[in-house]
Amino acid sequence: MELKMRFLITLLSVEYLSVGCLAQNFDFFYFVLQWPGSYCDTKQSCCYPTTGKPATDFGIHGLWPNYNDGSYPSNCDTNNPYNQSEISDLVSRLQKSWPTLACPSSNGNSFWSHEWTKHGTCSESVLDEHEYFRSALDLKDKLGLLQILEDAGINPDGQSYSVDSISEAIEGSIGHAPGIQCNYDASNENQLYQVYICVDTSGKNFIECPVLPSEKCASSIVFPSF
C-alpha cells in the first residue's frame, strides 16, 4: 500500500511538472509577415493557391513561440493534431491573409497544418487552435503593415529603400523596432522578404523584441511589386 502511494505521488508530481513546463514553454511570439512578391520572384518561383492570386499585401507566415535567448520550441504536442473543423469559421480570412505560395498549388490547409503542428502546439497552454489562428489574423488587421509603409512613401514598386527607413516607419507606428529579413530575387537583388514583429504571450500586444533575427540585409533593398 505504501509503495503504491509513493508511486501515485511521484506520478502526480511528474504530471504537475509537465503541465508547469508547458505553461511556461515560451517567452514571446514572433509574428512573421511575408511579402509575396519576394517569395515569387526568386529562382524557385511560387504557385498561387487554388483560390487564385493573393491580394497585393503582406501575408502571414506564422505566429511563432520563442525564447528570450533566440531559440524556440517546436512540435510540442503530437497528441493535438491540426483539425480544420476547429477553424471552419476562419477559413475565408485565412485564405485572404494567410495564403500559401508553395508548389504545387493547394488550398492552404497543409500550410496551416504545418504552422499549427510545429509552432501552434507550443503555445496551446495559452491559445487553443482556434484562438491561435484568430490571434494571428487579428494581429495582421491591427498592424496594417503595408499601409504603414505606404504612408511613409515606401511602396512595392520595384524601387530601392533603406532598411533603416523601413524599420523606422514600423517603429514609428507601433512603438517597437521590427526585425527585417531579406532574400534574393532571380537577378540576385537583395529585397524585402519578411518582417518580424514581437508579441506578448497572450498573442494580442506588440512588444519590444527581446532578440531580433540574425539575418542581415544590405543597407538598401528592393521592395518588389506583386
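All of the numbers you see were taken from the coordinates with simple rules; none came from a lab. These numbers come from a predicted model, not from an experiment. No Cβ is skipped: glycine too gets one built from the backbone with ideal geometry, and neighbour counts run over all protein chains shown.
Overview of values
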item	result
Efficiency of FRET between SER110 and GLU171 - r from beta-carbon atoms, R0 35 angstrom, step 0.05	0.50
Relative packing of 200-211, 119-130, which averages over residues the other C-beta atoms within 10 Å, highest first	119-130, 200-211
The range 188-204 versus the range 71-142: alpha-carbon centroid distance in Å	16
Net +/- balance of residues flanking VAL163 in space, Cβ distance below 13 Å, scoring K and R +1, D and E -1	-3
Kirkwood Rh in Å, taken over all unlike Cα pairs in the chain	18.8
For the range 161-171, Karplus couplings with θ = phi - 60° (6.51, -1.76, 1.60), whole Hz, Gly/Pro x	9, 6, 4, 4, 5, 5, 5, 5, 5, 5, 4
Zero-based 5 Å bins, Cα pair distances in the range 110-226, whole percents	2, 10, 19, 20, 19, 15, 11, 4, 0
Gap separating the Cα centres of the range 146-165 and the range 46-64, nearest whole Å	20
Estimated 222 nm signal from helices in the chain, with DSSP H stretches of n ≥ 4 weighted -39500 (n - 2.57), rounded to 500	-10500 deg cm²/dmol
Mean separation of Cα contacts under 8 Å (6+ apart) over length of the chain, as relative contact order %	26
Residues whose placed amide H lies under 5 Å from that of ASP27, excluding near-sequence neighbours	ASN66, TYR67, ASN68
Cα long-axis angle, helix 2-23 against the chain (0 to 90 degrees, to the nearest 10)	10
Nearest 10 degrees, 0 to 90: helix 129-143 Cα axis against the chain principal axis	30
Potential lengthening between LYS53 and TYR184 on full extension [0.36 nm per residue; Cα-Cα distance subtracted]	45.0 nm
Distance cut-off 19 Å, percentage of C-alpha pairs in the range 86-149 lying past it	35
LYS43 versus LYS118: modelled label distance in nm, points set 7 Å from Cα along the beta carbon direction	2.2
